[in-house]
Each structure stands twice: as C-alpha cells, then as structure tokens.
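Scroll down for the structure; my scribbles are underneath it.
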Amino acid sequence: MTWIPEVASNLASKVDGLLILITLLSLVFFILITVVLVYFAIKYRRKREDEETPYITGNEPLEIIWTVIPSILLIILFVYGYVVFKDMRTPPEDALEVTVEGKQWLWTFDYYNGKKTINELYVQHNRPVRLVMEAPDVLHSFFVPAFRVKQDLVPGRYTQLWFTPTKIGTFDIFCAEYCGTGHSAMLGKVIVLSPEAYEIWEKGVKADEGAGVASLPPAELGEKIYKEKGCNACHSVDGSVLVGPSFKGIFGHAAVMQDGSSVNVDENYIKQSIIEPQAHVVKGFQPVMPSFKGILSDEEVTALVAYIKTLK
Amino acid sequence: MSSRIPIVPENTIPLPSLKANNGLLSWVASVDHKQIGIMYLIITLVYFLLGGLEALLIRVQLAHPGNDFLTPETYNQLFTMHGTTMIFFVVMPFLIGVGVYLLPLMIGARDMAFPRLNALSFWLFFFGGILLYYSFFTQSGAPDVGWFAYAPLSEKPFSLNKGPTYWALGLLASGIGSVASGLNNVVTILTMRTPGMTMRRIPLFVWMMLVTSLLLVFVIPIITAAFAMMLLDSLLGATFFTPAHGGSAILWQHFFWGFGHPEVYILILPAFGIISEVIPVFSRKPIYGYEFVAASTVAIGLLSLGVWAHHMFAVGLGNVANAYFSLASMLIAIPTGIKVLNWVATMWGGRINFATPMLFATAFIIEFVIGGLTGVAIASVPIDWVVTDSYFIVAHFHYAIFGGSVFAIFAGVYYWFPKFTGRMLSETLGKWHFWLTVIGFNMTFFIQHFLGVMGMPRRTYTYYDMPYWGSMNLISTIGAMILGLSVIVFVWNILASLRHGKPAGDNPWNAWTLEWATTSPAAVENFELVPPVRGRRPLWDLAYPDMPDEPGAKIV
C-alpha cells in the first residue's frame, strides 16, 4: 500500500497493527455518526414554517450507554498502545550502540570502532541498534518513517531510540523538530547492509577515505560530498543566500570578512573554512558552521575545492 | 434612518455610533459591552484576513518540490505568524468578543460586571496585536521560531533577532487582557443573572463560556510567567531555558503546553456553545440532554488541565508519565463524544431549517468528529511517535480548530449578525460561502493526513521530490486557494449586507434565548423590560403560553 511507507523495522509492523485498529474503529464511529446525521437531515427537513415538533429533552439510559461503550473501547486501545509502547522503549541487551549528534543542520554518527559518518547511518540487517542521541545546539528530532520511529534530541541530556532493521536498503532520515533556517535540509539516510557487506564496511577502508569513491574525477566527487555531507543545507550553488554564503562564483574573488578585512578566496581559504570555520567569517553571516576536521579527509576537501572552482 | 448604514446601524433608541457627536471617540472611550464586542469582531476579522494571507503564501511555497517562491527566512516567519495570529488574535478574541456581546444579553443583564475592565481587556488585546505585527517593520523581521517558540531555538545565541521578543511582549499584553476577560465573565455569569435565570436554565453557550473563562483565569498566568522568564533570558541574560548555562529546554515545553493544551479547549468550548444554541433553534427542539452537555463541559475543563504532556511524547519522558498522559488524553474523548451524540439526537424528530447557520453547524459535527477521532489515535504513544511533528498533526489540529472552532464561528456569525447589526446576511452568498468552505477546507487538509503518515515533517520550507508528495501538496494548495475564495465571498457578504441586507427584526430565527427579546441591534442598556424566565426557553414560553417547557411555569 502506498499510503503507508514500507515496513523496514521490527517495530513498524507493531505500530501499523495499532494504527490499523484505531483507523478501523474511527471509521466505524465516523460512518455511524455521519449516516445518522445525514438521515436526520433528510428525514426531518422542515417543509412548512408552521410544523410542530415534539418536546424531547433527553434519555438517561441512552446517555449512559453512549458513555460506557466508548469508555471500554478506549481502555482497550490504551492497553494495546501501552504494550506496544513498552516494546518500543525497551532495547535488547545485545543492541549495537551508535552515538548520534544532531546539530544545525546535519547528523553525525559515531560507531564503537571509531568510525564517524555524516548524514549516513550504517546498520546491519536484523541486528538491533540502539541510538544514544544528543544535540549541542537546539532541539532536533530523529525520524525514520520506514522504521516508524521518532525521538527528539534534547540539548543537555541524552535520549535513546532502538530498532532492528528488517530490510536491506536505504531509508530516509528527517529532522522532525523545527530547528531553524536549514530545518528542511537536515536530511540523512539509514543504510541497511547485509551481514557480509556490513563486515566489509566495518573493517574496511576508514570512513573518512570515502569507500568506493576514489574513482570519480575530483569535481564530481566534490559535488557528491557537497550533497551527502550536508554542505547544501547552508550553502547554495545558484547564488541564493541561505545560512552561509553561496558557493557560486566565489573562487578567485575577494570577500569581505566580519572584521572588515578582505580575503582572497583561494584553495587555502576554502580548506581553512572547512577545517577552522570560525577563523574568517564572511561579513553578514553568523559564526555557526561546525568544523569538519577529522570528518572530511584531505582528498575530500580537495575534491570540494575542485567542485567550488567549477561554480562560475 | 439615513441611507448609509454604519457598522452598528442606528436604532430607535440611539446607540453611540460613529455618527454620534463624539464620532470615533464614542467607540474608543466606550465601556459598553456591545460596542466592545463589535470592536473585537472587527479587529479579529482583520487578523483573520492577515493570517489567511500568510497561510496562502505558505501553501504556494509548498505547491511543488524544491520551490523557492519564498526564502526560508520569510517562510519561517510566515508559519510562525500564521499560527500565532490565528490562535491568539482570531479564534480566541473572536470567541471572547462574541461572549462579551452576548453574555449579558443572554442572562438578562444590562452590562458586564466590570465594564471598565472589559474595555481594558479589549485594548490590551488590540495593542498586543500591534506590538506583534510591528515586528514585520523592524530590521530583523517577524518572529521565526514557531507558534510554540521552543527553547533554546527562541533564545540567544540561536535567535539573535528581536522577533521573539516582540512575540513574547505582544502575547504577554493580550494574555493579561484575556485573564481579565475570564474573570469578568465568571463574575458576570455568577452574579448578574436576571431573576429566574438559575444555573440549570442558563443557555448552554453561557455554561461553556463559564468553563472557558475559568480556564482562562487558571492557565493564562502560566504562560504569562513563562513569557516573563523568556524576556528575562533574552533581555537581561537570565538562563531559565538555556541548557548551555544550566537552564532547561524541557521546562519551557511544560510551561507552554501547561497553558497550550487547555488553550485548545478555550478555543473549542465556546464553539461548542455556539453549536449548542444553533442546532436546537434550527431543529425547533430543546437541546437533547442539557444536563449531560453542561456537565461534560465541566469534565472537559477539568481533564484539559491534566493532559499537556501528550504534546511531549517524543521528548523522552519517563514511561509512567507517558502512560498517564496517554490515558488521560484518551478519556477526553468521552465527554466530547457525549456532546456530539446529544447534538445529533437534538435533530432527531425536529423540523430542521437548513439556513446557513445550520449548514455550518451540521458540517461542524462531521469535520470536528474527524479531528476528534485523529486526536484519539495520537493519544496512543506509539502512533504519536510516528506522526508527531508531521503533516498528520497539521491535518489533525486544523480539523479541530478550523473544522471545529472556525466552522462554529461561521455558524455563529450567520446566526447573530442580525442581532449585531439589525440586518440579515445574504442566504445566497451564505450558501456559496458554505460550500466553498467545505470543499476548500477538506481538499486542503484531508490529504495532509496521508502526507503525514508517509513521513512529511511539518514546518519544512521545502521538500524533495518523494513519490506522490508533489501532487498531494499541489492538491492541498489548490484547496487552500478555494478556501481563500470562500473568505472573499464571506467578506463580500458582510459588506454588502451591512448596506443592503434584509432588515432583521428582533427575532428572525424564532429563537428563544433572551438576546432575541430586545431590538436588533440591541438597545442601550439592553432591555426595557426583561421577559420573565420560567424555563430554559423564555421566549418559547412567551410565544406558546399554553405549553411552557416547565410545568407550573404557565404565564397567567
């Protein structure tokens, strides 16, 4: 069914069961009320102005019936919901832990073995994962529709979320809590790998070398990184001003900094802006960019520079 | 009578009006509950148009994926202002304004208990709105932090512009006015009733305003205190809500929703009151189960104080807290359901006149039931986790507040316009308005349930081209345009009817509550002589002296 996103975690089918039950019950009540209402509307339509009406002021047994029956149904719904809720709050002991940081406006994932990825969460098929989440700036919310999970990230405390991915593939991550200008671009992917592929990913090339992308020409690799590592949340390539300056046509030109000085935008300036973003902030923008030191490799920074050069 | 009809036309007993010797001053300086009520209605109409325009801009931006009709900054300001405007400067003050006009009339009083306090409430609301909207003209623009202004996004260093400060100041001012209104209503209802108007006989609209007013008195101070703390944070460097300096972001949410959820009932209970007046009159039958409708209102008022954290299921509160708030939220469905069934039962055996007020009241039941049923679904925590902060929630609360409150407001406007102005609204334009509203509203919002279940987060400036999202959003945008058209018809109807509408007479709908016993528009001092009240339908008893509602009430 296309209205409901695909079922890709162990929790999804449980939530769907509850959702379908509540939807059906709601439909029954909705149809009952609507049918009666429409029937009355047709049957008791006033035809002449002088028609008389009966004097009816109520019926206590009827009031009690339509209070008690919905009450019983609601208690059943509550208990069913509570059982599913307990499941969703109790991660298995052997769940693999990943630390998630959501910040304006990208996701970073830290794995047990020191790997670190941006906007891409790698997990293993049929292996429970527990996410320990924090936000250094404002509220965010980690939302994967295909897994039916959502959890806010709250500054100053950890929150947690768990699921077992049951389908191999790539699934969308959204930020569901409004978090400022770049909210709608705070997107990511969960990549569910088969155990074999996961093992290769786990032991294989360091994440910051970018698995399997070495064969691309630098400018194309740069464009891929621009889109995948979250640069596009704040920097446009068409000249429009988002949170940060646009990349269009900046290379080789002088830019005015916050302190009034002028800096020539060359390879070194771009590299410095990625590694130490607060060193020279362009006039008119806030010093909010996070450092990508240790997240992007030298090759990736070089590729980004090559990409920015092409944006005339 | 001259050919030009002012906003409140002249009456045989002259009412202070724009044409009176004091002109505008007679309005600005007025402490008359009817003039203050009319001023509320006019100002809320202006804000309704502004908030509607903001909504249309939002929908145009979302019409197709990757649109850049607006900048993200403008978009964020627009959705913040749309929500704030519609809740604090349209629905709430409209209902307060209708209450201010009608409460004294319905209970046979000459004015509110505290007429000057009444004027103070209005002017705090008036200037609060100006303070909020003035932010558009400042360098940093309007607030852009959403209508619930979650900390720490609404505070330094994440919000360096002045928008949230104007927002808090404007709402602080109008909020103090709302508390005063609430107090004024409670005292008026409890002490100013005409002899015979016992609490078991007051119109249900008055019952609902009583409960609403108590809620105003209890919950607005919560948010007023929170606004003060937010202003201390932003202007004097306090850290109540900034986790980086030892404050708590969650504390703001508890304060906000501690006010914010009862606020939902402040928006809907008076609407229930309007429906409880319109349906019996147009069915020509007394309300079915008066006691149950009144008692369920009290139950809703009490329950509404203890369910706020269902807005916070995704924050990660403890299991016990989540379970309690889930159960309590579900229970609210019961007193609400009782009301719906009693309204339907009122139509049973009646002789229903489907004039425009009744059309809106009937549609209200259907639209509000949809909003109520989705409300039960999201009271269940696992479902809330999936759909919260998605378009499902946007659909849900628009069904409750537009399909509920605003449909009832339209019913009320068509019902009482003759009383307010002495002229009828056009039935032809009214029917156009009704059908365009029903089509536009459902087209805009029904599909958003599905968008939400498919995962589209709310408050996103734009979205990528996911399967179906583009076409579903386009349908929603077209619906919003139809809704916009319906509002033009509505405003046209008001303006045209003020000039050329059919004269109404005192009681055009053959209604039975006391406001219809006086002239239209109501005279200065309201009544020359208050009719005797010997039952719930005093004018019915007068019209049919041989078969009064309560035995022994026969008028000799």
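A few comments on the model shown:
- As a ratio to 2.2 N^0.38 Å, the alpha-carbon radius of gyration computed for the range B:390-519 takes the value 1.34.
- Building the convex hull from the alpha-carbon atoms of the range B:66-170 and averaging its projection over directions returns 8.7 nm².
- Looking at the range A:56-138, the GluC sites (Glu not before Pro) that sit in a DSSP loop and have at most 13 other Cβ atoms within 10 Å of their own Cβ are A:Glu93.
- Label zone at A:Glu6 (point 7 Å along Cα-to-Cβ), backbone N below 14 Å, the range B:457-475: B:467
- Considering all C-alpha pairs of the protein assembly as shown, those separated by over 43 Å amount to 35%.
- Using the Stokes-Einstein relation with a Kirkwood hydrodynamic radius computed over Cα pairs, the translational diffusion coefficient of the range A:96-202 at 37 °C and a viscosity of 0.692 mPa s comes to 239 µm²/s.
- Between the beta carbons of A:Thr57 and A:Phe285, assuming R0 = 45 Å, the FRET efficiency works out to 0.05 to the nearest 0.05.
- Crossing angle, helix B:391-400 versus chain B [Cα axis fit, 0-90 degrees, rounded to tens]: 10
- Taking every alpha-carbon pair within the range B:243-295, the share separated by more than 13 Å comes to 71 percent.
- Sequence-distant residues sharing a close amide H with A:Asn59 (under 5 Å, placed H): B:Gly289
- Cα-based helix-to-principal-axis angle, B:333-347 vs chain B, degrees rounded to 10: 40
- Value at 222 nm in deg cm²/dmol, rounded to 500, when DSSP H runs of n ≥ 4 in chain A each add -39,500 (n - 2.57): -11500 deg cm²/dmol
- All Cα pairs of chain A, percent lying beyond 28 Å: 55
- When the Cα atoms of the range A:216-309 are aligned to their principal axes, the ranges along those axes come out at 39, 27, 22 Å in descending order.
- Cα point-scatterer Debye curve for the range A:12-89, base-10 log of I(q)/I(0) at q = 0.13, 0.21, 0.27 Å⁻¹: -0.64, -1.06, -1.26
- Diffusion coefficient, µm² s⁻¹, Stokes-Einstein with Kirkwood Rh over alpha-carbon pairs of the range B:222-264 at 37 °C and 0.692 mPa s: 313
- Kyte-Doolittle at least -0.5, axis length at least 24 Å by Cα - qualifying DSSP helices, chain A: A:10-43, A:60-89
- In the range B:44-117, Rg over Rh equals 1.25, where Rg is the alpha-carbon radius of gyration and Rh the Kirkwood radius from pairwise Cα distances.
- Modelled spin labels at A:Glu276 and A:Ile65, positioned 7 Å past Cα toward Cβ, are 8.0 nm from each other.
- Annotation: extensible slack from B:Trp123 through B:Ala523 equals 141.7 nm (criterion: 0.36 nm per residue apart, minus Cα-Cα distance).
- Put a dot 7 Å past the Cα of B:Ala295, heading toward its Cβ, do the same for A:Thr170, and the two dots end up 6.1 nm apart.
- Solvent-free Debye scattering, log10 I(q)/I(0), computed from the Cα coordinates of chain B at q = 0.12 Å⁻¹: -1.21
- When the pairs A:Lys14/A:Lys86; A:Lys116/B:Lys156; A:Lys203/A:Lys271; A:Lys227/A:Lys248 are compared against a 19 Å limit on Cα-Cα distance, A:Lys116/B:Lys156; A:Lys203/A:Lys271 fall above it.
- Debye intensity ratio in log₁₀ form over the Cα atoms of the range A:49-131, taken at each q of 0.12, 0.17, 0.20, 0.23 Å⁻¹: -0.64, -0.88, -0.98, -1.10
- The modelled label-to-label distance for the pair B:Ile488/A:Ala41, using points 7 Å beyond Cα in the direction of Cβ, is 2.7 nm.
- Candidate lysines for bridging to B:Lys162, where Cα separation is under 27 Å - those fewer than 8 sequence places away on the same chain excluded: A:Lys103, A:Lys283
- Per residue, the convex hull volume that the Cα atoms of the range B:456-549 enclose (Å³): 228
- The string of couplings for the range A:147-162 from the Karplus curve (6.51, -1.76, 1.60, θ = phi - 60°) is 9, 6, 10, 8, 8, 6, 10, 10, x, x, 8, 8, 10, 9, 7, 9 Hz, one whole number per residue in order, with x for Gly and Pro.
- Length released on extending from A:Glu93 to A:Thr34, taking residue separation times 0.36 nm less the Cα-Cα span: 16.3 nm
- Size-normalised alpha-carbon gyration radius of the range B:231-328, reference 2.2 N^0.38 Å: 1.54
- On Cα atoms only, tilt of B:33-61 relative to the major axis of chain B in degrees: 40
- At 0.692 mPa s and 37 °C, Stokes diffusion of the range B:391-466 via Kirkwood alpha-carbon radius, µm² per second: 228
- Amide H to amide H, with H built 1.01 Å from N, B:Ser390 comes under 5 Å of B:Arg458, counting only residues 5 or more places away or on other chains.
- Counted over the protein assembly as shown, the DSSP beta bridges are approximately 75% antiparallel.
None of the figures in this text is laboratory data; all of them are computed from the coordinates on show. Bear in mind the structure is a predicted one, so any value in this text is a computation, not a measurement. Ideal geometry is used to build each Cβ from the backbone, glycine not excepted, and the neighbour counts take in all protein chains shown.
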